[in-house]
1. I'm told D49 meets every condition in (1) over 22 Å from T75 (Cβ atoms); (2) outside any loop (DSSP other than H, G, I, E, B) except one. Can you identify the failing condition by its number?
2. Which of the residues belonging to segment 23-54 are open to solvent by 90 Å² or more (accessible area, probe 1.4 Å) and of a type in the set (K, R)?
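The values are calculated or read from the model by the stated rules, or taken from the named source; none is laboratory data. Worth saying up front: this structure is predicted, and the values here are computed from it rather than measured. Quick reminder, even Gly has a Cβ in these numbers, built from the backbone with ideal geometry, and neighbours come from all protein chains shown. Accessible surface is based on the protein model in full, side chains and every heavy atom, while ligands, DNA and RNA are left aside. Shrake-Rupley method; radii C 1.70, N 1.55, O 1.52, S 1.80 Å.
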Amino acid sequence: MPPLPGAELVRTPRHLYRYLLRCCRLLPSAAVQDHYRHAVRQSFNSHADEDDPERIRMIIQRAISDADWILDKYTQKK
């Protein structure tokens, strides 16, 4: 599954947070959605003090690729 439309527009942590929550809505069950929503929140809390723009860019790229992998994992089970 390719990234959701708008993935190329993710430039800030706030955009990333909204993008990842939209990805969570595509997951199959409420329990899985809750699990990944919680993981997204925890990750944002742990990286709240990041201020290096290069590090933030790397985190955004990795988070989008991880979200794509998770969506592929759950949508290919059918």
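1. Of everything listed in (1) over 22 Å from T75 (Cβ atoms); (2) outside any loop (DSSP other than H, G, I, E, B), D49 misses just condition (2).
2. R25, R41
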